[in-house]
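Throughout, read-outs are computed from the coordinates displayed, never taken from laboratory work. From a predicted model like this one, the values you see are computed outputs, not experimental measurements. All Cβ positions, glycine included, derive from the backbone under ideal geometry; neighbour counts span all protein chains shown.
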Amino acid sequence: MYRIIALAALVTLASLALPNLAMAGTTPSPPGAHLYIGYPNDGQVVPANKPFRVWFGLRYMGVAPKGVKYPNTGHHHLLIDTDLPSMDQEIPSDRNHLHFGAGETETMIQLPPGKHTLQLLLGDDMHIPHNPPVYSKKITVIAR
Ligand SMILES: [Cu+2]
């Protein structure tokens, strides 16, 4: 009886642990790594259909261009109006997932009128999130 319970506990533990293992890439990120959107602020009104600047903030890690493998570095990805993608795969590249593979730390974007979300996600040299993944808080801006 005891063995059956122990086995059941083990299976439960494994099912809890396995999805977590698959939820990150293989490039380690250092403790304390912190990614944030320096501008605009959460809830800020931005001009609709006009370019405005977005600043990428990163602490305790560095920025390296895509394809460059160097410890504790990555490049920025700006997620617009979308949730975080799979953390163990290459970050998609489309109008909702912008890559800054040259090592940019800011950009200009343009949004149609309405409510939009912005979030940063760091990717390694192969555009795969780190382990643990490094991403910012998702903020909302109002374009008008
Ligand atoms: Cu990328």
Could you run through the stretch 51-62 and say how many residues are in contact with a Leu (Cβ under 9 Å, 6 or more places away or on another chain) and either closer than 15 Å to residue 107 by Cα or surrounded by fewer than 13 Cβ atoms within 10 Å (Cβ to Cβ) (or both)? 6
Need the failing condition index for residue 100 against (1) away from the ligand (no atom under 15 Å from the Cβ); (2) more than 17 Å from residue 25 (Cβ to Cβ); (3) surrounded by 17 or more Cβ atoms within 10 Å (Cβ to Cβ), just the number. (1)
Out of the residues in the stretch 52-75 meeting the condition of being more than 15 Å from the ligand (Cβ to nearest atom) and assigned to a strand (DSSP E or B), tell me which one is nearest to residue 103 (Cα to Cα). 62
Residue count, the stretch 118-136 (criterion: away from the ligand (no atom under 15 Å from the Cβ) and exposed (fewer than 15 other Cβ atoms within 10 Å of the Cβ)): 0
Residue 83: away from the ligand (no atom under 15 Å from the Cβ), exposed (fewer than 13 other Cβ atoms within 10 Å of the Cβ), of a type in the set (Asp, Glu) and without any contact (Cβ under 8 Å) to a residue 60 or more places away in the chain, yes or no? yes
Looking for something surrounded by fewer than 15 Cβ atoms within 10 Å (Cβ to Cβ) and within 12 Å of the ligand (Cβ to nearest atom) - is there at least one such residue anywhere in the stretch 103-117? no
Quick one: would you say residue 42 is over 15 Å from the mean Cα position of the chain (by Cα), surrounded by fewer than 19 Cβ atoms within 10 Å (Cβ to Cβ) and not in a strand (DSSP E or B)? yes
